[in-house]
Amino acid sequence: MKNTKVAIIVGSLRKESFNRKVANEIIRLAPENMELEIVEIKDLTFFSEDIENDPPKSWIDFKQKIADSDAILFVSPEYNRTIPGVLKNAMEIGARPPKQNSWKEKPGAVVTVSPGAIGGLGANLTIRNAALSLNIPMMHQPEAFIGGIKDRLLEDGKTVNEKTEKFLRDFLIAFERWIMQLTN
Ligand code: FNR
């Protein structure tokens, strides 16, 4: 069976990002036929319509990586009850120019992670909202807004505890099913 290629977009550029740690755990816990890879957004220059028809190489490479993937997984923090600007910028670049939306019809899912109690729920819903316009059909359930992340990491600071690991495994199985439903 062909592997399902999933592009992970991490909404934080911070070196010690909890979201990146969770994304790496998701890669470790992936089902056998799911190939997940973080597609970096840190080198994307700011979006402007002025240059979308003659885009910089960083945009072209990014759009190609999205186009080459079968599905999209957003893993992001919440900033001020919405999403980090760097993530929104990547969404715009992927979606443009008109009729060249690289996100189009790729099955999607979202995980938000926060040290706070409500797990980035605002960002989770904001990403779902943007996905309507990006034309990414998003998995509805299970929802994944992971709060209290500091207490979910083991002493090495990067491995999630058993309960979170089980949650992520179940989430990935549901996501795999969602991708199959939409692509077969
Ligand atoms: C935050 N943080 C935050 N947390 C939250 O749960 N809701 C929020 O609205 C915000 N707002 C916010 C704004 C800005 C500008 C910063 C820098 C931070 C805290 C945030 O969850 C925390 O810094 C996380 O550790 C960020 O995710 P990474 O970088 O660890 O993945």
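Quick rundown of the values:
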read-out	value
Residues being open to solvent by 10 Å² or more (accessible area, probe 1.4 Å) and in a loop (DSSP other than H, G, I, E, B) - total across segment 111-122	5
Number of positions in segment 45-90 that are more than 16 Å from the ligand (Cβ to nearest atom), farther than 22 Å from T4 by Cβ and open to solvent by less than 80 Å² (accessible area, probe 1.4 Å)	9
Counted residues, segment 9-33 - those being buried (at least 23 other Cβ atoms within 10 Å of the Cβ) and either more than 7 Å from the ligand (Cβ to nearest atom) or free of Cβ contacts under 8 Å to residues at least 60 places away in the same chain (or both)	6
Any pair with Cβ under 8 angstrom, 6 or more apart, that starts in segment 96-123 at a residue that is under 25 Å from N80 (Cβ atoms) and within 11 Å of the ligand (Cβ to nearest atom) and ends at one that is basic (K, R) and assigned to a loop (DSSP other than H, G, I, E, B)	G122/R81; A123/R81
Lone unmet requirement of (1) buried (at least 16 other Cβ atoms within 10 Å of the Cβ); (2) within 13 Å of the ligand (Cβ to nearest atom) for V39	(2)
Residue tally, condition in a helix (DSSP H, G or I), exposed (fewer than 12 other Cβ atoms within 10 Å of the Cβ) and charged (D, E, K, R), over segment 133-169	4
Residue list for segment 91-110, restricted to those being in contact with a Gly (Cβ under 8 Å, 6 or more places away or on another chain) and open to solvent by less than 10 Å² (accessible area, probe 1.4 Å)	W103
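The values are calculated or read from the model by the stated rules, or taken from the named source; none is laboratory data. As the structure is a prediction and not an experimental result, all values here were calculated from the model. Positions of Cβ are generated from backbone atoms using ideal geometry, with glycine treated the same way; all protein chains shown enter the neighbour counts. SASA here: full protein model, heavy atoms, side chains in, ligands and nucleic acids out. Shrake-Rupley method; radii C 1.70, N 1.55, O 1.52, S 1.80 Å.
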